[in-house]
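Engineer: Okay, here's the structure, questions in a sec.
The values are calculated or read from the model by the stated rules, or taken from the named source; none is laboratory data. Note that this is a predicted model, so its numbers are computed, not measured. All Cβ positions, glycine included, derive from the backbone under ideal geometry; neighbour counts span all protein chains shown.
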Number of protein chains: 2
Amino acid sequence: LKRKVSELGFIKNLRAAFPRQGLGDDAAIFKPAPGCEQVLTCDVLVEGVHFDLKTISPWELGAKAVAASLSDVAAMGAQPRLYLVSLAIPKKRTLNPGFFQALYAGMRAWGTAFGAELAGGDTSSSPGPLIIDIFMLGEVEQGRALKRSGSRPGDLICCTGSLGGSKAGLVALKDRRVSREAAALAIKRHRLPVPRVLAGRFLRTKRIASSCIDISDGLASELNHLAEESGLGFDIEAEAVPLSSSTLAVAASLKARALDWALYGGEDYELLFTAGPSRLKVLERDFSRLTGSEYHVLGRVRKGRGVRIRGGQRWKVLKRGGYEHAIF
Amino acid sequence: LKRKVSELGFIKNLRAAFPRQGLGDDAAIFKPAPGCEQVLTCDVLVEGVHFDLKTISPWELGAKAVAASLSDVAAMGAQPRLYLVSLAIPKKRTLNPGFFQALYAGMRAWGTAFGAELAGGDTSSSPGPLIIDIFMLGEVEQGRALKRSGSRPGDLICCTGSLGGSKAGLVALKDRRVSREAAALAIKRHRLPVPRVLAGRFLRTKRIASSCIDISDGLASELNHLAEESGLGFDIEAEAVPLSSSTLAVAASLKARALDWALYGGEDYELLFTAGPSRLKVLERDFSRLTGSEYHVLGRVRKGRGVRIRGGQRWKVLKRGGYEHAIF
């Protein structure tokens with residue numbers, strides 16, 4: 001690690017960023033909490049595939065990269081603890097030291113906000129695009145991690161926050177017809193998502209969720225994951241899908257359908273979970289108060305297979321990758 | 001994870017490779033051993049920077065990528081436990097499923113050989129080169145990890161195995177003047193390094209090493225790391241640097257200096273460590289028998305600063321990055 005970072009000339013800044021370990025060693029050291037198990041995840045972000053430096057600042061990119069991993073840890077009901085960062089840095093373009101300072105500042109801000117420390121990493125030059133790979137470790141009470149499987153017929157299907165905002169923000173950034181004022185919250189949503197770490201911990205410690213996943217690829221995809229992993233059918237109401245006023249405003253100004261963005265848009269980083277009906281009382285009483293976010297009941301788990309969505313009196317099958325324009 | 005891997009169409013093969021977790025979940029789950037702390041490292045390998053698909057097979061590349069991380073864990077005296085793999089896969093070139101099967105087979109073989117299981121990962125397409133990033137977690141007795149700092153004046157400076165072989169192998173692969181038979185062992189060394197996990201555990205559990213680092217960037221660089229981290233001077237003998245007969249044969253056929261390859265070549269993945277003179281007896285008695293590798297005493301730690309190397313009656317200062325052709 002040390003040598004490679006040193007070559008890039010910002011080791012001194014990084015040293016201050018590594019409170020937990022001697023950066024001088026071959027690996028970071030972590031002392032696990034007794035009675036916990038760990039969740040481990042990595043997310044690789046590729047310039048030109050996952051992000052575009054024209055529509056996001058380096059600080060936001062750092063925060064967003066960490067948010068993607070925090071969201072995975074949140075979906076397991078775990079507390080984020082530490083992360084390592086690998087960078088492949090384009091040789092040909094000049095990304096100045098200020099770029100990397102801002103990138104790391106964004107990572108550290110979002111990490112710290114949700115309890116995770118930067119513990120190490122690796123850096124290489126690359127003949128290709130900028131690539132950021134984040135590995136994250138979280139802790140959860142032994143045997144209590146939330147899974148994608150585990151829902152039962154009759155469970156409520158719920159999500160946190162609102163959906164489609166990230167896609168609305170991205171669309172707004174690329175289309176001058178959209179008023180920046182109306183789109184402001186959606187754009188913020190796209191650039192700086194808030195991972196639902198508190199919500200995940202709430203769903204775990206209050207024993208609410210029978211299954212859980214983070215909504216990184218659009219609601220349609222995640223519903224299908226949960227239904228398949230439990231071997232059950234999921235029915236939701238189109239009207240129940242939460243859409244923010246900013247998302248609706250962007251959609252209205254482009255005559256687009258906000259519901260499509262919620263179903264297929266991705267990068268919302270909300271949580272989708274199922275819960276036994278008896279847990280509704282605790283959700284109603286404590287969820288918003290303790291997590292700072294909202295939740296919405298979208299529908300019910302049933303026997304059978306597949307995901308269905310109802311708009312008015314019509315039912316449609318909602319496929320995983322099957323983008324359908326103006327589904328209702 | 002699941003979705004992205006699925007897009008690439010080899011999820012079914014990968015499922016068999018993930019015995020520890022449901023690949024279906026957002027993160028892998030790991031139960032830490034009581035009384036241990038963890039070491040965490042990542043190594044990013046970039047095509048065209050760290051490897052060339054013309055000189056290494058996909059199986060060997062997988063094994064070598066894992067070996068680099070295993071070597072970091074070994075240098076901390078820790079036992080490797082699990083790893084996650086992020087891939088950025090070139091869009092434009094066709095790397096067929098067989099390529100990735102072989103890559104993962106190599107990773108799994110080398111991981112399994114040294115006690116680490118593949119626990120998860122992420123995969124993305126990329127407009128650039130193939131990039132492999134491996135995160136690895138190891139375990140070591142609480143408070144007992146080997147560090148780069150900690151040597152004392154009078155300590156012996158030692159290394160495992162032999163040095164310069166990886167560079168000799170790479171040179172031989174690129175130069176037709178070298179007999180493949182003479183170079184065979186050096187080429188194997190370059191393509192399929194054996195990380196010194198057993199040696200690291202021996203140095204830790206027998207309380208031999210006062211400091212340790214893996215030799216991934218050449219002996220000159222690693223000596224300087226250890227000297228700097230302890231704030232001491234390191235003196236070694238050029239004649240004591242171990243060079244294999246295959247390395248010497250490649251050097252002879254090209255009229256090159258094998259010592260230069262050992263000092264500046266890199267990718268040897270041996271361990272460099274210091275040990276109090278009282279530990280020599282245990283090293284002599286048990287090291288080869290218990291670790292399956294050899295060790296060599298290169299010199300001594302002294303008060304002062306800097307690294308010096310003696311050839312005949314001449315002393316030279318050995319700088320970190322200062323490649324010097326035919327140093328003696």
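Engineer: Which residues, counting only those in segment B:89-107, are outside any helix (DSSP H, G or I) and either at pLDDT 95 or above or not hydrophobic (A, V, I, L, M, F, W, C) (or both)?
Structural biologist: In the first step, residues of segment B:89-107 are kept if they are outside any helix (DSSP H, G or I); the result is B:89-96.
Listed by number, the residues that qualify are B:Pro90, B:Lys91, B:Lys92, B:Arg93, B:Thr94, B:Asn96.
Engineer: Tell me whether segment A:183-195 contains one or more residues that are in contact (Cβ under 8 Å) with a residue 40 or more places away in the chain, in contact with a helix residue (DSSP H, G or I) (Cβ under 9 Å, 6 or more places away or on another chain), over 23 Å from A:Gly292 (Cβ atoms) and not aromatic (Phe, Trp, Tyr).
Structural biologist: Initial filter on segment A:183-195 (in contact (Cβ under 8 Å) with a residue 40 or more places away in the chain): A:183-186, A:189-195.
Cutting the leftovers down to in contact with a helix residue (DSSP H, G or I) (Cβ under 9 Å, 6 or more places away or on another chain) gives us A:183-186, A:189-195.
Filter again for over 23 Å from A:Gly292 (Cβ atoms), leaving A:183.
Narrowing the set further to residues that are not aromatic (Phe, Trp, Tyr) leaves A:183.
Checked against the condition, which is being in contact (Cβ under 8 Å) with a residue 40 or more places away in the chain, in contact with a helix residue (DSSP H, G or I) (Cβ under 9 Å, 6 or more places away or on another chain), over 23 Å from A:Gly292 (Cβ atoms) and not aromatic (Phe, Trp, Tyr), segment A:183-195 yields at least one hit.
Engineer: Since B:Ile187 meets every condition but one in (1) at pLDDT 95 or above; (2) surrounded by fewer than 19 Cβ atoms within 10 Å (Cβ to Cβ); (3) in a helix (DSSP H, G or I), which condition does it not meet?
Structural biologist: (2)
Engineer: Could I ask something else about it? Of all strands (runs of 3 or more DSSP E) completely enclosed by segment B:269-319, which ones contain at least 3 residues that are in contact (Cβ under 8 Å) with a residue 40 or more places away in the chain and closer than 18 Å to B:Ala75 by Cα? Let's see the steps before the verdict.
Structural biologist: Details: elements: B:270-275, B:295-302, B:306-311, B:314-317.
The strands (runs of 3 or more DSSP E) meeting that bar are B:270-275, B:295-302.
Engineer: Being touching an Asp or Glu at 6+ places or on another chain (Cβ under 8 Å) and of a type in the set (D, E, K, R) is the filter; apply it to segment A:145-184 and report the residue that is surrounded by the most Cβ atoms within 10 Å (Cβ to Cβ).
Structural biologist: Residue satisfying both the conditions and the ranking: A:Lys167.
Engineer: So how many residues does segment B:254-268 have that are outside any loop (DSSP other than H, G, I, E, B) and charged (D, E, K, R)?
Structural biologist: Of the residues in segment B:254-268, 1 are outside any loop (DSSP other than H, G, I, E, B) and charged (D, E, K, R).
Engineer: Can we say A:Leu243 is more than 13 Å from A:Gly150 (Cα to Cα), crowded, with 21+ Cβ neighbours inside 10 Å and either among the basic types (Lys, Arg) or at pLDDT 95 or above (or both)? Explain how you work it out, then say what you get.
Structural biologist: Working: more than 13 Å from A:Gly150 (Cα to Cα): yes; crowded, with 21+ Cβ neighbours inside 10 Å: no; either among the basic types (Lys, Arg) or at pLDDT 95 or above (or both): yes.
Spelling it out, it is not the case that A:Leu243 is more than 13 Å from A:Gly150 (Cα to Cα), crowded, with 21+ Cβ neighbours inside 10 Å and either among the basic types (Lys, Arg) or at pLDDT 95 or above (or both).
Engineer: Same structure again: Those residues that are within 17 Å of the chain's Cα centre (by Cα) and in a loop (DSSP other than H, G, I, E, B), I need them from segment A:218-242; list them, please.
Structural biologist: Across segment A:218-242, the qualifying residues are A:Gly218, A:Pro242.
Engineer: While we're here: Among the numbered criteria (1) surrounded by fewer than 21 Cβ atoms within 10 Å (Cβ to Cβ); (2) on the phi < 0 side of the Ramachandran plot, which one does A:Cys212 miss?
Structural biologist: That leaves (1) as the condition not met.
Engineer: Just one of B:Leu53, B:Leu84 is surrounded by 21 or more Cβ atoms within 10 Å (Cβ to Cβ) and either within 17 Å of the chain's Cα centre (by Cα) or within 14 Å of chain A (Cβ to nearest Cβ) (or both); which is it? Explain how you work it out, then say what you get.
Structural biologist: Numbers: B:Leu53 fails: surrounded by 21 or more Cβ atoms within 10 Å (Cβ to Cβ).
Result: B:Leu84 is the single residue among B:Leu53, B:Leu84 that is surrounded by 21 or more Cβ atoms within 10 Å (Cβ to Cβ) and either within 17 Å of the chain's Cα centre (by Cα) or within 14 Å of chain A (Cβ to nearest Cβ) (or both).
Engineer: Return a yes/no flag: does segment B:240-249 have any residue that is touching a Lys or Arg at 6+ places or on another chain (Cβ under 7 Å), in contact (Cβ under 8 Å) with a residue 60 or more places away in the chain and closer than 24 Å to B:Ala67 by Cα.
Structural biologist: Scanning segment B:240-249, I find no residue that is touching a Lys or Arg at 6+ places or on another chain (Cβ under 7 Å), in contact (Cβ under 8 Å) with a residue 60 or more places away in the chain and closer than 24 Å to B:Ala67 by Cα, so the answer is no.
Engineer: Next question. Being part of a helix (DSSP H, G or I) and among the charged types (D, E, K, R) is the filter; apply it to segment B:56-81 and report the residue that is nearest to the other protein chains (Cβ to nearest Cβ).
Structural biologist: So, considering only residues that are part of a helix (DSSP H, G or I) and among the charged types (D, E, K, R), the one nearest to the other protein chains (Cβ to nearest Cβ) is B:Asp72.
Engineer: Residues that are more than 10 Å from chain B (Cβ to nearest Cβ) and in contact with a strand residue (DSSP E or B) (Cβ under 7 Å, 6 or more places away or on another chain): list the strands (runs of 3 or more DSSP E) wholly contained in segment A:111-164 that include at least 3 such residues.
Structural biologist: Values: elements: A:117-126, A:131-141, A:156-160.
Hits in segment A:111-164: A:156-160.
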